[in-house]
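First comes the structure, then the notes that go with it.
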Amino acid sequence: MALYRLYRESLSLLTDLYQLTMAYAHWKTGSHTKDAVFHLSFRKNPFNGGYAVGCGLSTMVDFIENFRFDQSDTDYLSTLKGHDDKPLFEEKFLSYLSNLRLNVDIHAVPDGTIVFAHEPLVRVSGPIIQCQLLETALLTMFNFQTLIATKAARIREAAGEKSILEFGLRRAQGVDGGLTASLSAHIGGCDATSNVLAGKLFGIPVSGTHAHSWVMSFEDELESFKAYAKAMPNNCVFLVDTYDTIDGVLNAIEAARWLKSTGHKFLGIRLDSGDLAYLSIEARKMLDEAGFEDAAIVASNDLDEHIINSLNAQNAKISVWGVGTKLVTAFDQPALGGVYKLSAIKDGGEAWKYKVKLSEQAIKISNPGIQQVRRFMDEDGYVGDMIFNVEDKLPSECTIVDPLDMTRRKRIAAECKFHDLLVPVFLNGRKVYDVPSVQSTRSFVREQLQNFHPTYKRIMNPHQYPVGLEIGLHELKTDLILHERENLQTRRDASVRTAKTKKQNSGVGAEKVSNSRKQNSPVSEISPLSLKSESVSPPSLPGSLEKSALIIVDAQKGFGSSGELPVARAEEIVPVVNKLMEQFPLVVATQDWHPADHISFAINHADKKIGDTLNAGSYEQPLFPMHCIENTKGAQFLDNLHTERITRVFKKGTDPDTDCFSGFFDCAGGKATEMDVFLKDSGIEHVFVAGLATNYCVKETALDGIKLGFKVILIEDACRGIDKVGCRVKTAIEEMKNGGVAFVTSEQMNYPTVKVQSGRKKGKR
């Protein structure tokens, strides 16, 4: 009941106005009796991390148990006016709200559950009007609490077993933001908080000693430390950086000696500024030499998981971390972006009709069905999560399909153990769930994380934990999408026919209309690459390849002849490139490695299609189909390519907001990879370029190589291009020639075979 101890007013109006206008419209039209199913989820793991910590259930339970529209609520609603200055809601509807009692079923993940993008955290089913009225409040609770609990868990991963104190109240987003953040941070992994009201409401341990103002209120620092020690001998952690940190440590030691002489324990010091690594190491030496080996060194000053990782790497002697601003404000991602989507509806005794929301962005297409999440595990830990429709009968061996990449699938063995994440919380409006204590919830987080492979928990560049739709649900979703798009196309075709008839009746010739439509139709054919050009003169080749490197550009399945962005006859370069690699002592490769929400994907932009362009600020962005998405089959190298000969692979296009054709620079002019540094450090002067596609990434890599001072030679028959209109490859070749790129064929590369150096390892960036 912490929520209603804090807020004594009714909270039923904690919603957006459009929830009430929709509720009124449902009531007015009689559709409020329909049953519906909604799911609350989020689309991307926060902080570019590998997971999230679900949180908000305890607050939701408190909210639902006390959900009532009281007299003050309806009195206020009666004052709202429409654009005609008449009441927005009629009195009978307000009376309906006054008598409304929730009879929904709510299933949710327990607080502290490790969750992932696209998985439902909450499922609400019941009368559509009631489900709708709960949307905003539930999103408010789960979005923020999940975000802060996740941030705290990441800080806990960085801190290891060392204590973490949450100090963020004074920087939090208001009173409720501060209290909620303290609760969520404790669940996520913080040991204590400075927030005394949170301690009272939630039973969180509280911690704190004194500030700089205490020291400054005395004539000197030592006097302030001794005065505090006399007043509170059982709570002495001295803040030592008010004037000079090293002098402050000496004064703390002097005050500690007095404490020890009176039979009290000196707890430690706090560093709040300066070079925390250096100062903690020096302070540790001083404290140990003075005989205070067990005194803690507390560090604060805008810490987060990245800074803590860095300080640990520097062997800082910090035993307690004090985190504040960057934790309670979710500094590097201020919103989770949770959504609440309708997935099924029925009227009376009818069967469920499953619903899907369409979008030009794949990540925004909703999932249909009455969803549950099943987590599988084997003897090594968790192996994958399956989102499934509870109405379907599941096979013993399941297959899950990535919601954003249908080619990325995983089979779950029948012998795997499992448990379902969503548990019943309210049935027909009655609570059937006992909320665990905050301390047991906190332990629950740690227990779960121990069952996930460390690669999923990395602070930087974590692996993607397998989460997918059960294949039957995936097929249902696909069928619904195709059905809705077919209906949309039918309506559009009918509209076009109507418009054409009107034009003809207005004297516009059919021939003119036909020509206009032809001019606006996208050209979709892809012709084979022909790199031969009679104007190419024999290039000057180096006498040996000792100071040369072969760059293989984007020889990936996504650009294969049957890939997402196909290049005709792409596979023909593989035997040519394999033979070339035998001649080079150094071979590197680039690899497109796009996130699913990449700027270059047409599906991620409303009212845009493949072939359109987008103003990206510093450059014009062409729009493509989704291709070479990170960790998918399309991002893999072409079959039979001898990748063991590749010394280093440079991933590019990883920034969702900036495209990257060149292996050296992105489209905005920033450095895309460290390939130039690597080549120059290796003493390379000549670079030979091969790969896909000639008029995009091959061309840009070659021209950027010239700009960086390399002598660039393109191997003609080891490249293929995309030539939709029959001249793009030719134009690209002329542009490269004019830019100083030389051209050869593989037949002209008559260099001796080079053995692979023993012990050579492939590096990836």
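The values are calculated or read from the model by the stated rules, or taken from the named source; none is laboratory data. Being a predicted model, the structure only gives us computed values, none of them experimental. With ideal geometry, Cβ positions are generated from the backbone for all residues, glycine too; neighbour counts draw on all protein chains shown.
Per-residue answers, yes or no, for (1) more than 30 Å from the chain's Cα centre (by Cα); (2) touching a residue at least 12 places away in the same chain (Cβ under 8 Å); (3) under 29 Å from Ala568 (Cβ atoms):
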residue: Leu638; (1), (2), (3): no, yes, yes
residue: Phe650; (1), (2), (3): no, yes, yes
residue: Asp657; (1), (2), (3): no, yes, no
residue: Phe664; (1), (2), (3): no, yes, yes
residue: Lys671; (1), (2), (3): no, no, no
*asked:* Exactly one of these conditions fails for Asp220: (1) under 47 Å from the mean Cα position of the chain (by Cα); (2) loosely packed, with under 14 Cβ neighbours inside 10 Å; (3) farther than 30 Å from Gln439 by Cβ. Give me its number.
replied: (1)
*Somewhere in the stretch 574-593, is a residue under 19 Å from Ile722 (Cα atoms) and assigned to a loop (DSSP other than H, G, I, E, B)?*
no
*Of all residues in the stretch 601-628, how many are in a loop (DSSP other than H, G, I, E, B), within 21 Å of the chain's Cα centre (by Cα) and either over 13 Å from Glu564 (Cα atoms) or not assigned by TED's automatic domain parsing to the domain that holds Gly563 (or both)?*
2
*Report the residue count in the stretch 555-572 for those that are assigned to a helix (DSSP H, G or I) and over 19 Å from Ser662 (Cα atoms).*
2
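Identify, from the list Ser98, Ser72, Ser163, the residue that is surrounded by fewer than 18 Cβ atoms within 10 Å (Cβ to Cβ), in contact with a helix residue (DSSP H, G or I) (Cβ under 7 Å, 6 or more places away or on another chain), among the polar types (S, T, N, Q) and on the phi < 0 side of the Ramachandran plot. It would help to see each step written out before you state the result.
On the way: Ser72 fails: in contact with a helix residue (DSSP H, G or I) (Cβ under 7 Å, 6 or more places away or on another chain); Ser163 fails: in contact with a helix residue (DSSP H, G or I) (Cβ under 7 Å, 6 or more places away or on another chain).
Only one candidate passes the filter, namely Ser98.
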*Kindly provide the set of residues from the stretch 666-700 that are part of a strand (DSSP E or B) and surrounded by fewer than 22 Cβ atoms within 10 Å (Cβ to Cβ), ordered by number.*
Lys671, His686
_Residue list for the stretch 34-58, restricted to those being farther than 17 Å from Asp105 by Cα and assigned to a helix (DSSP H, G or I)_ = Pro46, Phe47, Asn48
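Tell me which residues, restricted to the stretch 1-23, are in a helix (DSSP H, G or I), among the aliphatic types (A, V, I, L, M) and either over 18 Å from Leu88 (Cβ atoms) or under 31 Å from the mean Cα position of the chain (by Cα) (or both). Let's see the steps before the verdict.
Of all residues in the stretch 1-23, those in a helix (DSSP H, G or I) come to 2-6, 17-23.
Among the residues that remain, those that are also among the aliphatic types (A, V, I, L, M) are: 2-3, 6, 17, 20, 22-23.
Once the filter is applied, which keeps residues that are in a helix (DSSP H, G or I), among the aliphatic types (A, V, I, L, M) and either over 18 Å from Leu88 (Cβ atoms) or under 31 Å from the mean Cα position of the chain (by Cα) (or both), the stretch 1-23 yields Ala2, Leu3, Leu6, Leu17.
For the subset of the stretch 166-198 comprising residues that are of a type in the set (Asp, Glu) and in contact with a helix residue (DSSP H, G or I) (Cβ under 8 Å, 6 or more places away or on another chain), which member is surrounded by the fewest Cβ atoms within 10 Å (Cβ to Cβ)?
Of the stretch 166-198, the ones of a type in the set (Asp, Glu) are 166, 176, 191.
From the residues that got through so far, the ones that are in contact with a helix residue (DSSP H, G or I) (Cβ under 8 Å, 6 or more places away or on another chain) too are 166, 176.
On the way: Glu166: 32, Asp176: 14.
Top of the filtered list is Asp176.
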_Among (1) surrounded by fewer than 23 Cβ atoms within 10 Å (Cβ to Cβ); (2) part of a loop (DSSP other than H, G, I, E, B); (3) among the aliphatic types (A, V, I, L, M), there is one condition Leu201 misses while meeting the rest; what is its number?_
(2)
*asked:* Regarding the stretch 633-648, can at least one residue be identified that is surrounded by 19 or more Cβ atoms within 10 Å (Cβ to Cβ), of a type in the set (Ser, Thr, Tyr) and in contact with a strand residue (DSSP E or B) (Cβ under 8 Å, 6 or more places away or on another chain)?
replied: yes
*Quickly run through the stretch 185-198 and pick out the residues that are part of a helix (DSSP H, G or I) and touching a Ser or Thr at 6+ places or on another chain (Cβ under 8 Å).*
Ala185, His186, Ile187, Gly188, Ala198
